[in-house]
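Following: one structure in structure tokens, then a few remarks.
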Amino acid sequence: MLFRSLDAVTRAVQAEVARHEGTFHRVIVDDKGTNMLCVWGVPGCSHEDDAVRALATALALPEILHAHGCTGGIGIASGRALCGPAGGGRRFEYTVVGDTVNLAARLTGAGTPGMVCMTATVRAQLGDRVEAVDGGQRHLKGKGDVHVFEVASVR
């Protein structure tokens with residue numbers, strides 16, 4: 001992906017995340033492609049309906065990515081993560097790490113590009129606000145078998 005394209009899609013995703021009062025955390029470019037980590041519920045910026053906010057953002061992302069010539073999977077997981085400053089000496093950064101973050105990353109590849117995949121925990125948090133297809137147990141690298149749901153529509 002060219003730098004200008006990455007900058008444009010990053011800005012568009014940042015705007016959508018901000019619209020739903022989430023936190024755009026970072027862009028990671030590696031041998032697996034380009035990944036963006038967005039989080040809800042970090043200390044000082046949490047809401048009772050963070051799962052709904054994350055879903056609303058996730059559902060807008062395929063169109064945003066397509067408008068910039070990109071495709072990708074979207075994963076939503078819920079749980080505890082370590083949030084705070086990391087580093088030492090002269091360089092510190094705010095970070096979000098943990099099993100929940102890794103699980104969300106693995107979910108991005110659990111469906112077809114543009115598909116929003118979520119865990120059973122997120123599905124339960126959303127209740128009747130979302131119609132989801134039970135994707136059954138899927139083996140996710142480093143996570144074993146995980147019960148996955150694919151978002152069909154929002155009510």
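Within region 112-131, how many residues are surrounded by fewer than 19 Cβ atoms within 10 Å (Cβ to Cβ) and free of Cβ contacts under 8 Å to residues at least 40 places away in the same chain?
Result for region 112-131: 6.
Scan region 32-44 residue by residue and report those that are open to solvent by 50 Å² or more (accessible area, probe 1.4 Å), within 15 Å of residue 78 (Cβ to Cβ) and small (Gly, Ala, Ser).
Once the filter is applied, which keeps residues that are open to solvent by 50 Å² or more (accessible area, probe 1.4 Å), within 15 Å of residue 78 (Cβ to Cβ) and small (Gly, Ala, Ser), region 32-44 yields nothing.
Hey, can you tell me all the residues within region 16-31 that are of a type outside the set (Val, Ile, Thr) and exposed (fewer than 12 other Cβ atoms within 10 Å of the Cβ)?
Step one: list which residues in region 16-31 are of a type outside the set (Val, Ile, Thr), which gives 16, 18-22, 24-26, 30-31.
30, 31, listed by residue number.
Do you know which residues across region 84-104 are surrounded by 20 or more Cβ atoms within 10 Å (Cβ to Cβ) and either in contact with a Ser or Thr (Cβ under 8 Å, 6 or more places away or on another chain) or at pLDDT below 95 (or both)?
103
Taking residue 71 as the residue in question, decide whether it is surrounded by 16 or more Cβ atoms within 10 Å (Cβ to Cβ), among the hydroxyl-bearing types (Ser, Thr, Tyr) and within 17 Å of residue 16 (Cβ to Cβ).
no
The values are calculated or read from the model by the stated rules, or taken from the named source; none is laboratory data. Keep in mind that what you see is a predicted model, and the values were worked out from it rather than measured. So basically every Cβ, Gly included, is an ideal-geometry build from the backbone, and we count neighbours across all protein chains shown. The accessibility values were calculated without ligands, DNA or RNA, using every heavy atom of the protein model including side chains. Shrake-Rupley method; radii C 1.70, N 1.55, O 1.52, S 1.80 Å.
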